[in-house]
1. So how many residues does the stretch 1-19 have that are more than 23 Å from residue 71 (Cβ to Cβ) and either part of a strand (DSSP E or B) or open to solvent by 60 Å² or more (accessible area, probe 1.4 Å) (or both)?
2. Determine if the stretch 83-92 includes at least one residue that is surrounded by 12 or more Cβ atoms within 10 Å (Cβ to Cβ), part of a strand (DSSP E or B) and on the phi < 0 side of the Ramachandran plot.
3. Which condition number in (1) in contact (Cβ under 8 Å) with a residue 12 or more places away in the chain; (2) more than 18 Å from residue 2 (Cβ to Cβ); (3) open to solvent by 60 Å² or more (accessible area, probe 1.4 Å); (4) not in a loop (DSSP other than H, G, I, E, B) is the one that residue 76 fails?
4. Which of the residues that make up the stretch 20-61 are farther than 17 Å from residue 2 by Cα, open to solvent by less than 50 Å² (accessible area, probe 1.4 Å), of a type in the set (A, V, I, L, M, F, W, C) and outside any strand (DSSP E or B)?
5. Among the residues of the stretch 62-100, what is the count of those that are within 19 Å of the chain's Cα centre (by Cα) and farther than 22 Å from residue 40 by Cβ?
Amino acid sequence: MKELICITCPRGCHLKVDEENDYKVTGNSCPRGAIYGKKECTHPTRVITSSVKIVGGTQARVSVKTNHDVPKELMFDIMKEMNQVEMKAPVHRGDVVEANICGSGADLVITKDVAQA
């Protein structure tokens, strides 16, 4: 039996996942908790948020995130890839920095506008 705290909403339900009984989840207040508990025990994923360098902008870095969750085992590869990225200003919220980053199926997108200096 694995114990988790659900992170899909602010409630933070204390989940118990029975790995020997087809990952049956108890302790969840909503269906999303059951989905999260099973997914976390079988194939955990995360949305990655960070920043990348920007040249010629009003700021030195701009915030980015993956447009959906990616397999946890790809996190470090994606972070290494993000460290190599250098954008030219101006950039706009929603701009795709890199499509299908590291073969994850997720796009890395800008989360804020940065004007040219």
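The values are calculated or read from the model by the stated rules, or taken from the named source; none is laboratory data. No experiment lies behind these values; they were computed from the predicted model shown. Cβ atoms come from the backbone with ideal geometry, glycine included; neighbour counts cover every protein chain shown. Surface areas here come from the heavy atoms of the whole protein model, side chains and all, with no ligands, DNA or RNA. Shrake-Rupley method; radii C 1.70, N 1.55, O 1.52, S 1.80 Å.
1. Looking only at the stretch 1-19, we keep the residues that are more than 23 Å from residue 71 (Cβ to Cβ), and these are 1, 10-14, 16, 18.
If we keep only those that are either part of a strand (DSSP E or B) or open to solvent by 60 Å² or more (accessible area, probe 1.4 Å) (or both) as well, we get 1, 10-11, 14, 16, 18.
Qualifying residue count for the region: 6.
2. Start the filter on the stretch 83-92 by keeping residues that are surrounded by 12 or more Cβ atoms within 10 Å (Cβ to Cβ), which leaves 85, 87, 89-91.
Applying the additional criterion that residues be part of a strand (DSSP E or B) yields 87, 91.
Within this subset, residues satisfying the condition of being on the phi < 0 side of the Ramachandran plot are 87, 91.
Taking every residue of the stretch 83-92 in turn, at least one turns out to be surrounded by 12 or more Cβ atoms within 10 Å (Cβ to Cβ), part of a strand (DSSP E or B) and on the phi < 0 side of the Ramachandran plot.
3. (1)
4. 30, 48
5. Adding up the residues that qualify gives 17.
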